[in-house]
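Trainee: Below is a structure I'd like to ask you about.
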Amino acid sequence: MRIAFVMAYPVISASNGVMNQALCWKAALEKRDHCVVLVNPWEPCDWKSFDVIHLFMFTEYSADYIDYLSKVNPRLAISPILDPDYSILNFKMRTLLGLKKIHLSNRYSRLRESLPHIGQVYVRSDFEASYFTQGLKVSSSKIVKIPLAINQIEDDQKNYSKENFCFDACFLADDRKNVKRLIDAAEKFHFPLKLAGKLRNETEKKKVFGWLKNTKYVEYVGFLSSADLLAMYKKARVFALPSVNEGVGIVALEAAAYGCDVVITNIGGPKEYYKDLATCVDPYDVDAIGKAVQQFLKGKTFQPALKEYVKKEFSQEYIGELLENGYKRLCLE
């Protein structure tokens with residue numbers, strides 16, 4: 001198949017999760033001998049030449065794009081990427097707020113408007129799917145659940161030499177990542193915590209370093225290269241991602257594949273990725289976070305079962321197969 005991947009807006013950062021999801025899917029499909037074209041908005045494109053056009057993210061502009069493309073090539077798929085921190089009812093009300101006649105709209109109302117032109121909606125979790133099936137009344141037959149795939153994992157050694165510390169890698173200053181409560185948990189329960197992530201400006205530096213002032217158990221290790229991040233996964237005994245709002249948290253999956261036990265938020269879709277092989281916590285409860293991390297550091301573990309599960313269920317090979325099957329169904333409709 002010849003497949004077009006289209007981003008809804010320019011990529012600003014190399015750590016953009018949606019871009020990395022698309023690139024990982026591209027690699028998975030190309031291993032199955034499909035051609036994936038990353039569409040450049042500055043160049044003319046023969047839209048009719050594609051078996052499938054897959055759009056990533058959704059903005060108000062995307063609705064006009066979809067309206068045009070549907071007339072040229074109806075085999076459209078979309079990954080809107082919903083990471084809501086509000087109820088399905090709240091989401092539904094937002095989709096109904098647009099008044100097209102007076103040019104009043106928002107991206108959710110325009111998404112509702114675009115759905116009749118879209119053949120498939122790709123989601124990463126049942127949680128995300130529920131916002132479409134319940135909030136927008138999208139038929140479940142139109143929903144395709146494809147989990148995120150992890151990057152290729154080394155198989156050169158089965159066990160890594162673990163050190164007794166907890167690790168987290170993210171945009172540390174973002175409130176939704178909940179790093180301040182993780183720091184508070186480390187200080188209260190006296191466990192070593194290493195934090196990695198990019199501090200994008202002076203405001204973020206001041207914020208994070210303010211949290212770290214006078215801490216005894218927390219170390220900021222900076223923004224890590226891919227190789228250094230991999231080395232940290234291999235060393236850490238626990239990876240914690242107690243976000244208050246998170247789509248999937250691919251870093252936690254990658255850490256699990258390198259032998260880390262995982263403490264993950266109980267809000268939203270991330271917990272679906274771990275079966276019963278991780279500890280889910282209330283991200284607003286510092287004690288719950290601290291006790292969960294401490295249990296792993298004192299000997300509780302789901303490894304190596306978690307590692308093997310993640311490698312099987314979220315490998316590029318398996319995700320590529322799921323994508324291929326989804327696109328084939330779209331082409332037959």
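Trainee: Yes or no: LYS177 among the basic types (Lys, Arg), surrounded by 18 or more Cβ atoms within 10 Å (Cβ to Cβ) and within 21 Å of PRO283 (Cβ to Cβ)?
Mentor: yes
Trainee: Scan region 40-72 for residues that are part of a loop (DSSP other than H, G, I, E, B) and over 22 Å from the mean Cα position of the chain (by Cα) and jot them down. Quick ask: steps written out before the conclusion?
Mentor: So the first thing to find is which residues in region 40-72 are part of a loop (DSSP other than H, G, I, E, B), and the list is 40-46, 50-51, 57-59.
The answer is ASN40, PRO41, TRP42, GLU43, PRO44, CYS45, ASP46, PHE50, ASP51.
Trainee: Right, another one. Report yes if some residue within region 181-195 is part of a loop (DSSP other than H, G, I, E, B) and surrounded by fewer than 17 Cβ atoms within 10 Å (Cβ to Cβ); otherwise report no.
Mentor: yes
Trainee: Residue by residue through region 248-284, note down the ones that are among the charged types (D, E, K, R) and touching a residue at least 60 places away in the same chain (Cβ under 8 Å).
Mentor: Hits for region 248-284 are GLU254, GLU272.
Trainee: Residue check: is ALA227 of a type in the set (Gly, Ala, Ser), in the same structural domain as THR279 (by TED's automatic domain parsing) and part of a strand (DSSP E or B)?
Mentor: no
Trainee: Any residue in region 11-40 that is charged (D, E, K, R) sitting within a Cβ distance under 8 Å of a residue that is surrounded by 13 or more Cβ atoms within 10 Å (Cβ to Cβ) and not in a helix (DSSP H, G or I)? List the pairs, counting only those 6 or more apart or interchain.
Mentor: LYS26/PHE5; LYS26/VAL36; GLU30/VAL36
Trainee: A further question follows. Here's a check for you: in region 158-174, which residue that is surrounded by fewer than 19 Cβ atoms within 10 Å (Cβ to Cβ) and not in a strand (DSSP E or B) is modelled with the lowest pLDDT? So that I can check it myself, show each step before the final result.
Mentor: Here is the first cut: in region 158-174, the residues surrounded by fewer than 19 Cβ atoms within 10 Å (Cβ to Cβ) are 158-164, 171, 174.
With the extra rule that they be not in a strand (DSSP E or B), the set shrinks to 158-162, 171, 174.
Details: LYS158: 63, ASN159: 71, TYR160: 78, SER161: 86, LYS162: 92, PHE171: 89, ASP174: 92.
Per the stated criteria, the residue is LYS158.
Trainee: Evaluate region 117-139: report whether one residue or more is touching a residue at least 24 places away in the same chain (Cβ under 8 Å), among the aliphatic types (A, V, I, L, M) and in a loop (DSSP other than H, G, I, E, B).
Mentor: yes
The values are calculated or read from the model by the stated rules, or taken from the named source; none is laboratory data. Computed from a predicted model, the values in this text were never measured in an experiment. Reconstructed Cβ throughout: ideal geometry from the backbone, glycine too, with neighbour counts over all protein chains shown.
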